[in-house]
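This report concerns only the one structure given below.
The values are calculated or read from the model by the stated rules, or taken from the named source; none is laboratory data. Keep in mind that this is a model prediction, so the values were computed, not measured. Reconstructed Cβ throughout: ideal geometry from the backbone, glycine too, with neighbour counts over all protein chains shown.
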Amino acid sequence: MNASQNETISISDSSPLILVVDDDQITVKLLQKLITNEDYRAETGRNGEDCLKMAKELSPDIILLDISMPVMDGIEACKILKKEDSTKDIPVIFITSYTDNDTLNAAFSAGGTDYIRKPVNSVELMVRIKSVLTQQKLKSELIEKEKLEGVLEMAGAICHEVRQPLQILYAYIEIIKDAAAENKLSNDDIEKIKGQLQRLNEITIKISRIRKYESFDYLEGVKIIDIDKASLT
């Protein structure tokens, strides 16, 4: 199969993209029509190899994948998709005439999200697609929220760790200014400043070595990263 044999219907670049993979072109045409009627974008392929190639190139929002196909079947294609970092999070809805326990167990074990029986019921198809898209949206929002919380916790940890040595440095700078004016500057004052600078350097090293999530309650309702526990020593 080459790229020219795959069909594309474009609605809007911002619409969800559904990749339909089935060797039965009657089924493909039906699914394509149902999908585009809902203002989703549709791309199609005819076997598992098409699926793998197009999934990497297009990053579709959902893959509708037939189980029984030549060249590479849907279950094998799904297994490979789930092993690849670039495609492992794409939901796969299997399309199948085979709904026996062994087939369904194999489909879900391969990483399938859901399945639709053939012949495809249009209402069932759109309910499944919309349900999966909603789940993906909620998952994406949760991930973004967790990322933001992580950034805020890290910022809080840095402020917490750095504030004290900075305050001490400012205090010693004032002492040095006064001592210099009176010609009473001592090595001890300079060593204390060096000590605080070294402490700041150690904090930055710990931050660069953070490899896991560890936090503690800083204020009521506020958590910050525990830099000591989170960093590799």
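Could you tell me whether any residue of the range 120-128 is in a helix (DSSP H, G or I) and hydroxyl-bearing (Ser, Thr, Tyr)?
Among the residues of the range 120-128, at least one is in a helix (DSSP H, G or I) and hydroxyl-bearing (Ser, Thr, Tyr), which makes the answer yes.
Within the range 159-176, is there a residue that is part of a helix (DSSP H, G or I), over 42 Å from the mean Cα position of the chain (by Cα) and of a type in the set (Gly, Ala, Ser)?
yes
Considering only the range 187-216, state which residues are touching a strand residue (DSSP E or B) at 6+ places or on another chain (Cβ under 6 Å) and either in a strand (DSSP E or B) or over 29 Å from residue 149 (Cα atoms) (or both).
Listed by number, the residues that qualify are 210, 215.
Across the range 19-58, what is the number of residues that are free of Cβ contacts under 8 Å to residues at least 40 places away in the same chain, under 19 Å from residue 88 (Cα atoms) and surrounded by fewer than 19 Cβ atoms within 10 Å (Cβ to Cβ)?
3
Among the residues of the range 59-89, count how many are assigned to a helix (DSSP H, G or I), in contact with an Asp or Glu (Cβ under 6 Å, 6 or more places away or on another chain) and surrounded by fewer than 23 Cβ atoms within 10 Å (Cβ to Cβ).
0
Can you tell me which residues in the range 140-174 are surrounded by 15 or more Cβ atoms within 10 Å (Cβ to Cβ) and modelled with pLDDT of 80 or more?
Within the range 140-174, 165, 168, 169 qualify.
Consider residue 179 carefully, then state whether it is in a helix (DSSP H, G or I), of a type outside the set (Ser, Thr, Tyr) and crowded, with 16+ Cβ neighbours inside 10 Å.
The answer is no for residue 179.
List the pairs whose first member sits in the range 98-116 and is within 17 Å of residue 131 (Cβ to Cβ) and assigned by TED's automatic domain parsing to the domain that holds residue 21, whose second member is of a type in the set (Gly, Ala, Ser) and in a helix (DSSP H, G or I), and whose Cβ atoms are under 7 Å apart, counting only residues at least 6 apart or on separate chains?
115/107
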